[in-house]
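Single-structure report; data block below.
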């Protein structure tokens, strides 16, 4: 047990990497997801088809497979040489984008079209209306689903051990080997993930409460 | 109606962007199997000069050859030897932990310059990487609980689970034995330590390990050693070697001369005693 | 009357949805300062007509001129057109995430590119006009239906439109709230703000409208001063419609 205690700082320093993966992945996913949601709701048929293909692709393939596919296949083939951390963030982001697009799409559609119609009737362009009227409401409505995406991303980040990214799980595995103990290190790692997930979703909830607007719910 | 045009342009741009991404991803995945990761052009065909950064790939979960200490630094028998070699030539060596299943590809692609991490020299691996001089020999073993009085044949045909380390040579032995007709089920674990724990837990009746692991492991943990007994050896001697990219003459030759020189000294045995290998 | 006095001119408007012809050749004109009410049974195309006039729906055939300039041709800019037409919806359609004040000022900032403080001041003025200055900071969910609709009117007014469209503005309101909205509309009518009002409120039409246009079968079946249309219409459908309404009121009085 004391052997493990010495390794505590080593595992804890993995938190920075884990959070880095999460922040990067969710950030990229947010941008991609938002654009795709807008495209799916307001775009033409060809655009909708492309987005549908993208979402289907990244939702069907297991994350581990995606990581290897991109690290050993796509990136070398296209000439980009990305290190494991960057590659992981990109892949996490691309995949999160697929899921987030569906969250935002659902939120936008739950508003109905009357909000945008009212904006257009005042003379706003389609983009202005989407940006100033639809999105502020849709994003607020999305928040509960979005905090779910955070929780998922925290867990998904641990899969990047396969590329050797020094996040929490990778470090735990090394400690297991170094100390010949399995239960305690993994127990600790599990507790760590629990705390991170709880803290994060709680933070999103606080933001949600702060930015809540009386009576703002989408049409059912 | 100029407004519609601007909307269409925006939508078109987004569409092209997303579409390009998808097409790129699909194209890459289609092309990739035909393209091995482009190897750097014989980076170390000439010996690395003093001050050069040389990247040492290792499995951080393979004590006592390569592991990490509580500060996260790489330590182990192989790490010590690599540090000595690096010091001799003035190299700036970086010890990079890497996932074992992808470590050879990482050497090919240039993410690592060489692997020194208890890597067994095999014919299959030799087709992809160059090995230096063998520096350690060991033999595979079938290990069971001390209370288990069965023979090797009995255990190998018990139909129960036998543990091994996934991706390691013990894994390959398990597959070979099953293919040759032995009746047992392979239980792959992340590391030998976990494989042994599987036996004490009762999830497996035995472990296919190797003396490179069990030697130091039992010496360092006499209480564990008491629980187990080595039932028999499996196969013949195997050796560890350092792996480098084909074409890196300079690096390999430097490593070889340093290793050979070191192995001839008393310091070599001191190191072995230190790590109990 | 010179051409420039005609605020809106409609010629032969046609619109179909899913094969059904909703508008089958609607034509009329409205002069500056006139208040015209459109009555008729549900499904006669009244809402569709309004939405075609501000291009929220695209007419299949027909032409429309706003202040002398055609809006149904290729060169017209849809956003510009809609700025000049104030539209009040049956379901209010306030922006739920904004306060009443912000609802009124947002289009001023974004579309008219006004400075924030200017827009806010103008918005307050419009809210005062509809008697809601004290509720400017409230969100739509905190307002009654009548208050919401008055905010919607203020929002449309703030853009300084040349004509107002009201699409059944009181149909979604509880009876006791209808009055406050009609009062605002009457006040605006007295100020000679050119308006087209689609409504079932016959009382309002009788007292405020310069002309009633009765729609049926996708066309304007008859149009004329309120007294004529309500009391003594020529067209049989129109006569039938108002007779039934009168009977309804008389039955209630008894």
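The values are calculated or read from the model by the stated rules, or taken from the named source; none is laboratory data. Everything quoted here is computed from the prediction, not taken from an experiment. Because the Cβ atoms are built from the backbone with ideal geometry, glycine has one as well, and the counts that use them run over all protein chains shown.
For the reader, a short list of remarks on this structure follows.
- Within the stretch A:102-130, tally of residues that are at the interface with another protein chain (Cβ under 7 Å from one of its Cβ atoms) and free of Cβ contacts under 8 Å to residues at least 40 places away in the same chain: 12
- Number of the exception - residue A:144 against (1) more than 14 Å from chain B (Cβ to nearest Cβ); (2) in contact with a helix residue (DSSP H, G or I) (Cβ under 6 Å, 6 or more places away or on another chain): (2)
Yes/no per residue for (1) assigned to a helix (DSSP H, G or I); (2) within 9 Å of chain B (Cβ to nearest Cβ); (3) in contact with a strand residue (DSSP E or B) (Cβ under 6 Å, 6 or more places away or on another chain); (4) surrounded by 20 or more Cβ atoms within 10 Å (Cβ to Cβ):
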{"position": "A:24", "(1), (2), (3), (4)": "yes, no, no, yes"}
{"position": "A:47", "(1), (2), (3), (4)": "yes, yes, no, yes"}
{"position": "A:52", "(1), (2), (3), (4)": "yes, no, no, no"}
{"position": "A:59", "(1), (2), (3), (4)": "yes, no, no, no"}
{"position": "A:64", "(1), (2), (3), (4)": "yes, no, no, no"}
{"position": "A:70", "(1), (2), (3), (4)": "yes, yes, no, yes"}
{"position": "A:75", "(1), (2), (3), (4)": "yes, yes, no, yes"}
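- Selected residue [within 17 Å of the chain's Cα centre (by Cα) and not assigned by TED's automatic domain parsing to the domain that holds residue B:195] from B:76, B:90, B:72: B:76
- Residues of the stretch C:30-86 that turn out to be within 14 Å of chain A (Cβ to nearest Cβ), closer than 30 Å to residue C:245 by Cβ and within 15 Å of the chain's Cα centre (by Cα), as a count: 10
- Residue identified as assigned by TED's automatic domain parsing to the domain that holds residue B:148 and either free of Cβ contacts under 8 Å to residues at least 24 places away in the same chain or assigned to a loop (DSSP other than H, G, I, E, B) (or both) among B:198, B:204: B:204
- Selection count where residues are at pLDDT 90 or above and within 12 Å of another protein chain (Cβ to nearest Cβ), scope the stretch A:147-164: 2
- Applying the criterion of being within 11 Å of chain B (Cβ to nearest Cβ) and assigned to a helix (DSSP H, G or I) to the residues of the stretch A:77-86, the residue that is farthest from residue A:57 (Cα to Cα) is A:84.
- When residue B:145 is tested against (1) on the phi < 0 side of the Ramachandran plot; (2) surrounded by 21 or more Cβ atoms within 10 Å (Cβ to Cβ), just one condition goes unmet, and that condition is (2).
- Enumeration of residues in the stretch A:181-220 that are in contact with a helix residue (DSSP H, G or I) (Cβ under 6 Å, 6 or more places away or on another chain) and without any contact (Cβ under 8 Å) to a residue 12 or more places away in the chain: A:182, A:214, A:215
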